[in-house]
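Before any comments, here is the structure.
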Amino acid sequence: MVVAALQLLRSPPVPAAKHRILWGSKILQDPPTVTHAEAMAEDDRGLFKWLSNVDKFGFCFISGVPATPEATEELSRRIGFLRETQYGTFWDFTSDLAKGDTAYTTLALGAHTDTTYFTDPCGLQLFHLLEHTGGTGGATLLVDGFYVASILKELHLDAYELLSTVPVPTHAAGEPEALYTPSTRQTPVLKHEDGVLVQVRWNNDDRSVIRNLKPDQVEPWYEAIRLWYKLLSSPDSEYWVQLSPRLLTPILPSSCGTVVDNHRVLHGRSAFTGKRRMCGAYTGMDEYRSKLAVLSERFAPDPVTADTAARASVNGRSVWHPAL
Ligand SMILES: [Fe+2]
């Protein structure tokens, strides 16, 4: 615990990756967006722009997506293989409680990441509002978990250390045929590698009973999650956007799909009435990173890759390629 705390104290500001841009609520002035035509274009330049935006900001809108499940699934498969889960491969759902999960209700959902109960939580989530009729509400909430973590670290280092070191047990048990828990030692809310924050894992609805705290950690840990949630739900952090199949604004010109990096950006929604039909899919983090790496080789190669391209021997890569 002491060693881990010292590592965190020495670690650089969150996150270390220079290309990442942390954001708060002001992102509403210019949210990262590509058009559906760009994302689907055969030359893949728009796909590179799209996934680079996800890499920088942890999310990206795709405007002008036809409001059909077919078009949305085709868009999702541009990233890579879809990840099949207990919710299916490509979901198309309403608030009918078809699954024992809060997503299938009309309730407000606080900012959370999905599948915290998996050993490897889903990487990207793409969702698209197909229809909302006969009611109001259902605004979409996005929060940059790395931004909030950076503020927590700055203001409340003790709380940051606790959320970075205390493992949090999680589960999914909404249906008789499913009982998911991570197979490895549970992960803390803020997961680090070599002192650098790499993943936020937070869903209070999927949290199991906390049995692993030492007696003197109980009150500080609950105080830490209170501080975390206070920052997470502050007006400075929350980006609210009312997506609509018929949305007409200068920034989001029409039906809009959303992709979030589920290891960084938390999502939620306000309560709603009426019929709201959503569709979407998950991809694994590895599939997304592979696609982005291949597109980076083509459109923005690093200096070593560019300099050694002439000596490429296997699949266009030389032995000096940084990944080999
Ligand atoms: Fe969710």
If I histogram all Cα-Cα distances within the chain using bins 10 Å wide from 0, what percent of pairs lands in each bin?
5, 25, 33, 24, 11, 2, 0
Skip the ligands, DNA and RNA, and give the accessible area per residue of segment 44-200 with a 1.4 Å probe, whole Å².
39
The aspartates and glutamates whose Cα lies under 16 Å from the Cα of LYS230, excluding any fewer than 8 residues away in the same chain, are ASP144, GLU154, ASP158, GLU238
Once you've got the GNM for the chain with C-alpha springs shorter than 10 Å, pick whichever of THR170, THR115, THR89 has the biggest mean-square fluctuation.
THR89
If you put +1 on each Lys and Arg Cβ and -1 on each Asp and Glu Cβ, how big is the dipole of segment 159-205 around its Cα centre, in Debye rounded to 20?
100
Just to check I understand the Karplus step: with θ = phi - 60° and J = 6.51 cos²θ - 1.76 cosθ + 1.60, what whole-Hz values come out for segment 108-117, glycine and proline as x?
5, 10, x, 4, 8, 9, 8, 6, 5, 8
Charges on Cβ only, +1 for Lys and Arg, -1 for Asp and Glu, centred on the Cα centroid of the chain; of LEU197, ASN212, SER290, which one is farthest towards the dipole's positive end?
LEU197
Could you list which residues have their amide H under 5 Å from that of SER318, counting only those 5 or more apart in sequence or on another chain, with H placed in the peptide plane?
SER313
Length-normalised contact order of segment 285-324 in % [C-alpha pairs under 8 Å, at least 6 apart]:
28
From largest accessible area down, sort ARG78, ARG211, ARG45; use a 1.4 Å probe on the protein chains.
ARG211, ARG45, ARG78
Student exercise, the chain dipole from Lys, Arg, Asp, Glu Cβ charges, in Debye to nearest 20:
340
Anything over 25 Å Cα to Cα? Flag those among LYS153/LYS214; LYS56/LYS275; LYS56/LYS99; LYS153/LYS191, in the order listed.
LYS56/LYS275; LYS56/LYS99
Derived scalar couplings ³J(HN,Hα) [segment 58-65; Karplus, 6.51 cos²θ - 1.76 cosθ + 1.60; whole Hz; x for Gly, Pro]
x, 7, 7, 8, 10, 8, x, 6
Calculated from DSSP H runs of 4 or more alone, at -39500 (n - 2.57) each and per residue, what is the 222 nm mean residue ellipticity of the chain, nearest 500?
-8000 deg cm²/dmol
Which helices of the chain meet both criteria: a Cα extent of 24 Å or more along the helical axis and a mean Kyte-Doolittle score no lower than -0.5, with helices taken as whole DSSP H segments?
none
Per-residue HN-Hα couplings for segment 79-85, Karplus 6.51 cos²θ - 1.76 cosθ + 1.60 at θ = phi - 60°, whole Hz, x for Gly and Pro?
6, x, 4, 7, 9, 7, 9
With the contact rule set at Cα under 8 Å and sequence spacing of 6 or more, what percent relative contact order holds for the chain?
32
Over the alpha carbons of segment 49-153, what is the largest minus smallest coordinate on each principal axis, giving the biggest first in Å?
42, 30, 30
Give the accessible surface of segment 285-324 per residue, rounded to a whole number of Å², with probe radius 1.4 Å and ligands, DNA and RNA excluded.
70
Note down the net charge around LYS26, summing +1 for each Lys or Arg and -1 for each Asp or Glu among other residues with Cβ under 15 Å from its Cβ.
-4
Cross-link candidates for LYS49: which lysines have Cα within less than 18 Å, leaving aside residues fewer than 8 places away along the same chain?
LYS18, LYS291
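The values are calculated or read from the model by the stated rules, or taken from the named source; none is laboratory data. What you are looking at is a predicted structure, and each value in this text was computed from that prediction instead of being measured. Neighbour counts run over all protein chains shown; Cβ positions are idealised from the backbone, glycine included. All accessible areas refer to the heavy atoms of the entire protein, side chains included, with ligands and DNA or RNA removed. Shrake-Rupley method; radii C 1.70, N 1.55, O 1.52, S 1.80 Å.
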